[in-house]
1. Please go through (1) closer than 18 Å to residue 77 by Cβ; (2) in contact (Cβ under 8 Å) with a residue 24 or more places away in the chain; (3) surrounded by 17 or more Cβ atoms within 10 Å (Cβ to Cβ); (4) in contact with a strand residue (DSSP E or B) (Cβ under 8 Å, 6 or more places away or on another chain) for residue 30 and return the number of the only condition it doesn't satisfy.
2. So, restricting to helices (runs of 4 or more DSSP H) that lie completely within segment 212-261, which ones have at least 1 residues that are more than 17 Å from the chain's Cα centre (by Cα) and more than 18 Å from residue 120 (Cα to Cα)?
3. I need a count of the residues in segment 212-230 that are closer than 15 Å to residue 163 by Cβ and exposed (fewer than 12 other Cβ atoms within 10 Å of the Cβ).
4. Condition test on residue 114, is it more than 22 Å from residue 192 (Cβ to Cβ), in a helix (DSSP H, G or I) and modelled with pLDDT of 95 or more?
5. All but one of (1) touching a helix residue (DSSP H, G or I) at 6+ places or on another chain (Cβ under 6 Å); (2) without any contact (Cβ under 8 Å) to a residue 60 or more places away in the chain; (3) buried (at least 19 other Cβ atoms within 10 Å of the Cβ) hold for residue 76; which doesn't?
6. Could you check segment 48-59 and list, in sequence order, the residues that are free of Cβ contacts under 8 Å to residues at least 60 places away in the same chain and either under 19 Å from residue 151 (Cα atoms) or in contact with a strand residue (DSSP E or B) (Cβ under 8 Å, 6 or more places away or on another chain) (or both)?
7. Filter segment 33-54 down to the residues that are surrounded by fewer than 20 Cβ atoms within 10 Å (Cβ to Cβ) and either at pLDDT below 95 or in a loop (DSSP other than H, G, I, E, B) (or both) and list them by number.
8. Look through segment 248-261, keep the residues that are modelled with pLDDT of 95 or more and surrounded by 14 or more Cβ atoms within 10 Å (Cβ to Cβ), and return whichever of them is farthest from residue 96 (Cα to Cα).
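The values are calculated or read from the model by the stated rules, or taken from the named source; none is laboratory data. Treat the numbers as computed from the prediction; the structure is a model and nothing was measured. Using ideal geometry, Cβ is built from the backbone for each residue, glycine included, and neighbour counts are taken over all protein chains shown.
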């Protein structure tokens, strides 16, 4: 991957530019990187202005999160379905969206359970907010960025209480899905070929159990935050499901890259 550039540099460029968090293997960003990698679509990585003035990003996209895909002078795409459809248009082969309507509906539904509001990623983030903020003093400036992010995503103690059960339900469902697929002789979560769901799961599994340090270097505090310590969540993620994450990375994806630490 090329070096990161600044958002101001990227605005007037042609081609595909993707705003990413450059210091963290964010599951949302890693999933979108995976879409483009599998399809061999090159892009310029753009550094998200973490902790800095985000006015320009907000002006361009009406929001402040990453990833965001810019292609030529088309409208920016800041949601994963838009980014997936862009990848499909730029390189139809290999397809990551099933042709069968039934499989397509299942795939998008499960992807939303991972990446959508109140999905696995959202819920794990609420748990991280809860544990971090519970141990921080109200006037502790070191926790200010976390408090700001919690407000951004409408965190509350009440919503955090339900987060663990939501994650357990999603993981149980995916564990049943991979078991059924294995029984019918498929190595994939949907149908008989790689889909966006396989890539999504590989990326979001980092919020349950990150890849080993040798494969994905992370600061100790960040790794501790990503790693689940809830026994109910661990029990819901079957060994088959975690093995599937490893299989997808080994066969199809580049390892998560942290270019700036």
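1. Only one criterion is unmet by residue 30, namely (4).
2. It comes to 220-226, 239-251.
3. Residues in segment 212-230 being closer than 15 Å to residue 163 by Cβ and exposed (fewer than 12 other Cβ atoms within 10 Å of the Cβ): 1 in total.
4. For residue 114, the condition - more than 22 Å from residue 192 (Cβ to Cβ), in a helix (DSSP H, G or I) and modelled with pLDDT of 95 or more - is not met.
5. The single condition residue 76 does not satisfy is (3).
6. Within segment 48-59, 48, 49, 50, 52, 53, 54, 55, 57, 58 meet the criteria.
7. Selection gives 39, 40, 41, 42, 49, 50, 51, 52, 53, 54.
8. 249
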